[in-house]
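Some notes on the structure that comes next.
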Amino acid sequence: MKERADAARNRAKVLSAAARLFAAGDPRAVTMEDIARAAGVGRGTLYRRYPDVASIAAALLDEHERLLQGELLQGAPPLGPGASPRERLAAFFAAMIDLLDQHSHLALGAETGAKRFAVGAYGFWRAHVLALLREAGAPDPEVLADALLAPLAPEVFLHQRDQGLSTDRLKAALARLAHAATL
């Protein structure tokens, strides 16, 4: 079913307003009322498409995550197929650090707390890491996959950045973790 023109305009206004609000401050403090007001739409219009703030943040983050997912599936090695599991896992960690560095405000809005596990992207990241661990012959990959994704939680990333840790330092540490996990 094709989206009506007024619905498409409202969706664009909502996403644009939400992006500005998420970037301007703590995305966890943004409310549906804030977004409706900034977008110039009624709350009913907003709630018809998005049940909560996290779903709006997830919609904004989705495009960036889909690009990374495409690279993991069909991109050049080491991020894409054709490299060892160790190299691919380290490349995945580096790509995720880049994604968080550019879009942590959206990830924080979409993936705070237990919501992190409910978003589709987490399932994709987990399946990817799990496949790499299995290919490497890592023991107990089901447990290890979530443990390896834990440092990529938006709250952890932002805490580390607030502590003055550079993205290069985070990538290097996670590359060592990838190496250890795939021995």
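Restricting the first member to the stretch 57-83 and to residues that are among the aliphatic types (A, V, I, L, M), and the second to residues that are in a loop (DSSP other than H, G, I, E, B) and buried (at least 18 other Cβ atoms within 10 Å of the Cβ), the beta-carbon pairs closer than 8 Å and six or more apart or on different chains are Ala58/Val119; Ala59/Tyr50; Leu72/Leu79.
Consider the stretch 152-165. How many of its residues are within 14 Å of Arg126 (Cβ to Cβ) and either assigned by TED's automatic domain parsing to the domain that holds Pro27 or assigned to a helix (DSSP H, G or I) (or both)?
Filtering the stretch 152-165 for residues within 14 Å of Arg126 (Cβ to Cβ) gives 152-153.
If we keep only those that are either assigned by TED's automatic domain parsing to the domain that holds Pro27 or assigned to a helix (DSSP H, G or I) (or both) too, we end up with 152.
Residues that pass the stated criteria total 1.
This table checks each residue for (1) under 20 Å from the mean Cα position of the chain (by Cα); (2) modelled with pLDDT under 90; (3) of a type outside the set (Val, Ile, Thr).
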position: Ala7; (1), (2), (3): no, yes, yes
position: Phe22; (1), (2), (3): yes, yes, yes
position: Ile35; (1), (2), (3): no, no, no
position: Ala39; (1), (2), (3): no, no, yes
position: Val53; (1), (2), (3): yes, yes, no
position: Glu63; (1), (2), (3): yes, yes, yes
position: Arg66; (1), (2), (3): yes, no, yes
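Out of the residues in the stretch 19-56 that are of a type in the set (Asp, Glu) and part of a helix (DSSP H, G or I), state the one that is surrounded by the fewest Cβ atoms within 10 Å (Cβ to Cβ). Here the residue is Glu33. Here is the figure for the stretch 150-174: residues that are at pLDDT 95 or above, surrounded by fewer than 20 Cβ atoms within 10 Å (Cβ to Cβ) and touching a Lys or Arg at 6+ places or on another chain (Cβ under 9 Å) total 2. Within the stretch 1-27, residues that are under 21 Å from Gly42 (Cα atoms) reach partners that are in a helix (DSSP H, G or I) and among the acidic types (Asp, Glu) with beta carbons closer than 6 Å, at six or more positions or on different chains, in the pairs Leu21/Asp34. Take the conditions (1) within 21 Å of Phe157 (Cβ to Cβ); (2) in contact with a Lys or Arg (Cβ under 9 Å, 6 or more places away or on another chain); Glu33 misses just one of them, which is (1).
So Arg11 fits all but one of (1) outside any helix (DSSP H, G or I); (2) under 26 Å from Phe124 (Cβ atoms); what number is the exception? Single failed check for Arg11: (1).
For the criterion of being surrounded by 12 or more Cβ atoms within 10 Å (Cβ to Cβ) and at pLDDT below 90, Leu72 fails. The set of residues in the stretch 162-181 that are under 25 Å from Ala110 (Cα atoms) and either acidic (Asp, Glu) or in contact (Cβ under 8 Å) with a residue 40 or more places away in the chain (or both) comprises Asp162, Thr167, Asp168, Leu170, Lys171, Leu174.
The values are calculated or read from the model by the stated rules, or taken from the named source; none is laboratory data. Not measured: the values here are computed from a predicted model. A quick note on method: Cβ atoms are made from the backbone with ideal geometry, for glycine too, and the neighbour counts reach across all protein chains shown.
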